[in-house]
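Worksheet: one structure, shown below.
Each reported figure results from applying straightforward, stated rules to the coordinates on display, with no laboratory input. What you are looking at is a predicted structure, and each value in this text was computed from that prediction instead of being measured. Ideal geometry is used to build each Cβ from the backbone, glycine not excepted, and the neighbour counts take in all protein chains shown.
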Amino acid sequence: MVGAPLILAFESSCDDTSVAVVQGTTVLANLISSQAIHAEWGGVIPELASRAHLEIIGSLTKQALRQAGVGMEQVDALACTTQPGLLGALLVGASYAKGLSLRYGLPCVPVHHIEGHLYSAYLEDPSLPFPSVSLVVSGGHTSLFLTESFSKYTILGSTRDDAAGEAFDKAAKLLGLGYPGGAVIDKRSTRERKDIIRFPRALVNEAGYEFSFSGVKTAVRRHILENHPEGMTERECDDICSSLQEAIVDVLVTKTMRAVREHGVEAVVISGGVSANSRLRERFAEEAENHGIRFTAPRISYSLDNAAMIGFLAHRKLLSDGPEAYRHLDFEVSARGYRDHRHGSRVNR
Ligand code: KG4
Ligand code: ZN
């Protein structure tokens with residue numbers, strides 16, 4: 001093996017099937033197939049997600065290898081997401097990777113999905129310093145980390161209830177804007193009328209780094225019932241979007257920047273689907289400039305659920321543990337995530 005190993009990586013934890021070919025920090029292919037089927041149900045249906053992963057994973061793998069210009073005989077290692085996520089969905093990607101591992105005699109690196117998000121900023125910007133404070137914010141998770149190295153991080157806090165993306169999605173549903181709704185709310189939001197309605201900022205002034213976003217969704221429901229029982233104009237809908245976005249962004253930025261100050265770090269990073277939010281990026285860029293620290297948000301294709309981040313972290317694990325550590329295939333998949341550990345900090349290894 002000359003240079004960094006060539007890694008074929010799989011991500012199938014929720015409703016996106018992704019296959020990537022990664023060599024060190026070079027991404028040769030990162031294909032993402034989003035399952036449109038869930039839109040009509042207004043949320044992800046686990047059984048449909050598993051079937052859709054199964055239908056596409058083979059052809060997506062061929063396509064990724066073709067795009068990368070490599071064959072299976074050149075691949076040095078495999079990687080797959082093993083937790084957290086929908087059990088049936090995770091099983092598709094992990095079983096496929098294990099199958100290839102047996103067929104080609106390759107090591108297979110199990111990767112924690114949130115750790116993939118956590119380090120995706122280092123794929124985007126390899127010169128980013130440690131330690132950093134990292135906000136992972138998506139439809140499934142909202143957690144804040146202190147990241148000290150590729151093998152050591154601590155959870156500072158997580159959401160007690162809904163994730164920030166879930167609040168965007170549930171509010172969008174109440175407003176009849178479809179699913180998932182974060183990007184639509186972002187597009188409809190204006191800066192001029194961002195605080196027309198003062199939605200709650202839960203736990204913003206409390207000590208600690210826990211979040212709570214179920215209240216803001218309830219506040220949107222109440223606002224609609226009380227003020228627009230017969231329906232609303234486009235402008236009124238835009239006002240709700242702008243104000244909701246501002247409330248969510250305000251909490252995320254305020255708490256993250258408090259962690260930056262408390263831990264004296266020189267870099268702040270955001271990742272996960274909600275990190276695509278334009279107002280969130282704008283606010284973090286301003287805050288980082290004011291504090292004289294680095295701010296990185298990975299490009300959208302490394303930010304959404306994607307296999308490039310899984311392949312990149314697998315590369316780091318292979319560097320520190322060596323390929324022999326990943327030759328046994330007795331690892332299991334698990335639906336469990338950090339919510340199960342939210343009352344304590346968790347250190348990776
Ligand atoms: O990381 P991701 O693809 O999947 C999960 O692990 O959840 O994130 C999807 C989430 C959805 O909740 C979606 O509404 C949200 O990211 N999202 C956004 C934006 N783009 C995607 N939320 C706010 N603003 C956006 N521009
Ligand atoms: Zn995710």
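Worth a mention:
- Some residue of the stretch 59-72 being without any contact (Cβ under 8 Å) to a residue 24 or more places away in the chain, more than 17 Å from GLY116 (Cβ to Cβ), away from ligand 2 (no atom under 16 Å from the Cβ) and not in a helix (DSSP H, G or I): yes
- Long-range neighbours under 9 Å by Cβ, at least six apart or interchain, first residue without any contact (Cβ under 8 Å) to a residue 12 or more places away in the chain within the stretch 205-219, second polar (S, T, N, Q): ASN205/THR254
- If the condition is being among the β-branched types (Val, Ile, Thr), within 16 Å of ligand 2 (Cβ to nearest atom) and more than 17 Å from GLN23 (Cβ to Cβ), then the stretch 93-141 contributes ILE114, VAL136, VAL137.
Okay, residues lined up against (1) out of contact with any Asp or Glu (no Cβ under 9 Å at 6 or more places or on another chain); (2) farther than 14 Å from MET309 by Cβ; (3) assigned to a strand (DSSP E or B); (4) among the hydrophobic types (A, V, I, L, M, F, W, C):
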| position | (1), (2), (3), (4) |
| --- | --- |
| VAL21 | yes, no, yes, yes |
| VAL27 | yes, no, yes, yes |
| ILE32 | no, no, yes, yes |
| ALA39 | yes, yes, no, yes |
| ALA49 | no, yes, no, yes |
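- Residues considered: ALA267, ALA314. Of these, the only one that is under 24 Å from SER158 (Cβ atoms), touching a residue at least 24 places away in the same chain (Cβ under 8 Å) and more than 14 Å from ligand 2 (Cβ to nearest atom) is ALA267.
- Being away from ligand 2 (no atom under 16 Å from the Cβ) and either touching a residue at least 24 places away in the same chain (Cβ under 8 Å) or over 12 Å from the mean Cα position of the chain (by Cα) (or both) is not true of ARG299.
- As for the stretch 125-147, it holds no residue that is within 16 Å of ligand 1 (Cβ to nearest atom) and over 30 Å from ALA172 (Cα atoms).
- Among all positions in the stretch 273-280, there is no residue which is surrounded by fewer than 19 Cβ atoms within 10 Å (Cβ to Cβ), under 19 Å from the mean Cα position of the chain (by Cα), touching a residue at least 60 places away in the same chain (Cβ under 8 Å) and not in a helix (DSSP H, G or I).
- Test result for SER158, within 16 Å of ligand 2 (Cβ to nearest atom), assigned to a strand (DSSP E or B) and either more than 16 Å from the chain's Cα centre (by Cα) or closer than 19 Å to CYS14 by Cβ (or both): yes
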